[in-house]
1. Counting only protein heavy atoms, what percent of the accessible surface of the chain is carbon or sulfur at a 1.4 Å probe?
2. With the chain treated as a Gaussian network of Cα nodes joined by springs under 10 Å, which of GLY69, GLY51, GLY23 yields the largest mean-square fluctuation?
3. Could you list which residues have their amide H under 5 Å from that of GLU49, counting only those 5 or more apart in sequence or on another chain, with H placed in the peptide plane?
4. With a probe of 1.4 Å, find how much accessible area the chain has per residue, and write the answer as a whole number in Å².
5. Which of LEU15, LEU83, LEU46 moves most in a GNM of the chain, Cα contacts under 10 Å?
6. Using only the Cα atoms of the chain, what do you get for the radius of gyration and for Dmax, in Å?
7. Based on Cα positions only, what radius of gyration and what Dmax would you give for the stretch 18-77, in angstroms?
8. Going toward the positive end of the dipole of the chain, with +1 on Lys and Arg Cβ and -1 on Asp and Glu Cβ, which of GLY66, LEU19, GLY51 do you reach last?
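The values are calculated or read from the model by the stated rules, or taken from the named source; none is laboratory data. Bear in mind that the values here come from a model prediction, so they are computed numbers and not experimental data. Here the Cβ positions follow ideal geometry from the backbone for every residue, glycine too, while neighbour counts run over all protein chains shown. Heavy atoms of the whole protein, side chains included, go into the accessibility calculation; ligands, DNA and RNA do not. Shrake-Rupley method; radii C 1.70, N 1.55, O 1.52, S 1.80 Å.
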Amino acid sequence: MVDVALFPKDPSESLLAALALAGIHPEPVDSLESVTQSRTADWSILIVELGDEPMRRMRHLAGIAGDSGLPVLVVAEGDHLDLMSQVTGVSDFLVTPVNPVELRLRLLRLQRAS
């Protein structure tokens, strides 16, 4: 499948369940600040769940995508959608609760595009 990195390392139960049902075993990332070009060489895609710190997490996405070219899939709550128009570095997004089939399809699509 796809070599996926995941932030935060303790995501929501919804995202964990969708990843498990989709057969995806991501590598947890301790912090977005630690995502460097050398680390991203092992991954095909980075999944970032916005959670309760959407603005803080989105500030890092443009740099990550620009420095590494790594596709970034954002998992957002419905009330975060207005924020999505303000951020660069997001390749695709999902709204919670995450559907495992949709998650798998979006990851495959991003992998093919990169």
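1. It is 50 percent, rounded to a whole number.
2. So, out of GLY69, GLY51, GLY23, the one fluctuating most is GLY23.
3. PHE7, VAL75
4. 52 Å²
5. Among LEU15, LEU83, LEU46, the largest GNM mean-square fluctuation belongs to LEU83.
6. Cα only, the chain: 12.6, 34 Å (Rg, Dmax).
7. 11.6, 31
8. Going by the Cα projections, it comes out as GLY66.
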